[in-house]
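Heads up, the thing below is written out as structure tokens.
The values are calculated or read from the model by the stated rules, or taken from the named source; none is laboratory data. As the structure is a prediction and not an experimental result, all values here were calculated from the model. Here the Cβ positions follow ideal geometry from the backbone for every residue, glycine too, while neighbour counts run over all protein chains shown.
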Amino acid sequence: MATKSKKKSLAKKKLVRAKSKAAKSGKRAKAAKQAHAGGTDPKRVAAILAKLDEAYGNATCELKHENAFQLLISTILSAQCTDVRVNQVAETLYKKYPDPKAFAYATPGELEQDIRPTGFFRNKTKSVIGASKAVVEQFGGVVPRTMEEILTLPGVARKTGNVVLGSGYGIAVGVVVDTHVIRLSNRLDLTRNHEPIKIEQDLMKIVPPGKWIQFSHQLIWHGRRVCVARKPRCVDCNIEKLCYAKDKTYWSSPASAPRR
Ligand code: SF4
């Protein structure tokens with residue numbers, strides 16, 4: 001009898017322990033959820049947007065272009081390459097190839113050499129010729145104005161689509177998610193995702209549509225000038241008080257560092 005009651009009391013203790021463990025992990029999950037909600041709290045997001053406006057009111061696309069087609073080509077060339085280098089190449093490129101037809105029916109080997117300084121020139125040549133051919137043969141020589149259509153062009157994904165539609169036509173259908181936007185939106189706790197498509201969806205939920213185009217430029221400018229990949233220059237950052245990134249290099253005062 002004594003053993004039976006001992007077993008019962010042990011089982012009871014186990015149950016209590018399991019319940020308290022579950023409660024603790026539930027609390028932790030709730031706290032994590034609340035912390036994330038804090039990151040995307042509308043007031044905090046509005047404050048970040050205001051700070052970006054303050055610092056980069058005139059932010060624009062840094063790829064030089066005279067029309068949506070040139071922007072399409074320059075954006076394809078900008079993969080794994082700086083805008084400065086693309087602009088240097090573009091200066092002579094658009095004189096030699098003045099319109100979509102010139103690119104569509106270019107000699108691949110020659111075009112490869114013309115764009116060589118931008119890197120990955122063989123693949124980029126395929127994309128440039130493929131996209132130009134599609135523009136000429138399927139869209140009458142004009143870059144399409146919808147995301148659905150632009151995504152049918154070879155070598156074109158959502159990032160390029162958003163750049164061309166946003167900066168080439170002023171059409172806001174999404175947010176450009178490049179390497180800077182991925183890094184900054186995570187540092188600023190505007191998303192917990194790392195895949196561009198999911199990050200874009202997260203940002204589109206919290207940034208007003210009227211600001212999508214400008215917001216992309218501003219984050220990219222901030223990422224290039226201040227919130228750089230290695231050792232962000234937090235001392236020069238006007239969003240510092242709103243930022244609790246783990247890799248911050250500077251706090252305005254030790255007391256302002258959040259306890260995490
Ligand atoms: S405080 Fe630092 S990490 Fe945060 S956004 Fe500014 S530069 Fe980036």
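Some values worked out for this structure:
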| quantity | calculated |
| --- | --- |
| In the stretch 64-75, the residues that are over 16 Å from the mean Cα position of the chain (by Cα) and either buried (at least 22 other Cβ atoms within 10 Å of the Cβ) or under 16 Å from F103 (Cβ atoms) (or both) | H65, E66, N67, A68, F69, Q70, L71, L72, I73, S74 |
| Hits in the stretch 82-138 - residues which are among the hydrophobic types (A, V, I, L, M, F, W, C) and within 23 Å of T179 (Cβ to Cβ) | V84, V86, V89, A90, I115, F120, F121, V128, A131 |
| Residue within the stretch 178-192 that is in a loop (DSSP other than H, G, I, E, B), under 27 Å from N67 (Cβ atoms) and modelled with pLDDT of 95 or more present | yes |
| Residues of the stretch 137-172 satisfying the condition of being more than 17 Å from the chain's Cα centre (by Cα), part of a helix (DSSP H, G or I) and crowded, with 19+ Cβ neighbours inside 10 Å | I150, G168 |
| Some residue of the stretch 44-61 being part of a helix (DSSP H, G or I), on the phi < 0 side of the Ramachandran plot, surrounded by fewer than 20 Cβ atoms within 10 Å (Cβ to Cβ) and without any contact (Cβ under 8 Å) to a residue 12 or more places away in the chain | yes |
| Of all residues in the stretch 67-77 being out of contact with any Leu (no Cβ under 6 Å at 6 or more places or on another chain) and without any contact (Cβ under 8 Å) to a residue 60 or more places away in the chain, the one that is nearest to V142 (Cα to Cα) | Q70 |
| Residue under evaluation Q80, criteria (1) of a type outside the set (V, I, T); (2) surrounded by 12 or more Cβ atoms within 10 Å (Cβ to Cβ); (3) farther than 24 Å from P144 by Cα, criterion not met | (2) |
| Test: residue in the stretch 178-190 that is closer than 30 Å to A134 by Cβ, in contact with a Lys or Arg (Cβ under 8 Å, 6 or more places away or on another chain), of a type outside the set (S, T, Y) and in contact (Cβ under 8 Å) with a residue 12 or more places away in the chain | yes |
| Count of residues meeting criterion [without any contact (Cβ under 8 Å) to a residue 40 or more places away in the chain and either within 15 Å of the ligand (Cβ to nearest atom) or charged (D, E, K, R) (or both)] in the stretch 206-222 | 0 |
| All positions within the stretch 232-246 that are within 16 Å of D41 (Cβ to Cβ) and touching a helix residue (DSSP H, G or I) at 6+ places or on another chain (Cβ under 7 Å) | I239, K241, L242, C243 |
| Residue among R230, R225, R192 that is within 12 Å of the ligand (Cβ to nearest atom) and surrounded by 13 or more Cβ atoms within 10 Å (Cβ to Cβ) | R225 |
| Count - residues of the stretch 155-189 that are out of contact with any Pro (no Cβ under 8 Å at 6 or more places or on another chain) and within 12 Å of the ligand (Cβ to nearest atom) | 7 |
| Residue in the stretch 85-100 that is in a helix (DSSP H, G or I) and either at pLDDT below 95 or in contact with a Leu (Cβ under 6 Å, 6 or more places away or on another chain) (or both) present | yes |
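Conditions tested, residue by residue: (1) touching a helix residue (DSSP H, G or I) at 6+ places or on another chain (Cβ under 8 Å); (2) modelled with pLDDT of 95 or more; (3) under 30 Å from A131 (Cα atoms).
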{"residue": "K33", "(1), (2), (3)": "no, no, no"}
{"residue": "G38", "(1), (2), (3)": "yes, no, no"}
{"residue": "A47", "(1), (2), (3)": "yes, yes, no"}
{"residue": "Y56", "(1), (2), (3)": "yes, yes, no"}
{"residue": "K64", "(1), (2), (3)": "yes, yes, yes"}
{"residue": "A68", "(1), (2), (3)": "yes, yes, yes"}
{"residue": "S74", "(1), (2), (3)": "yes, yes, yes"}
{"residue": "S78", "(1), (2), (3)": "yes, yes, yes"}
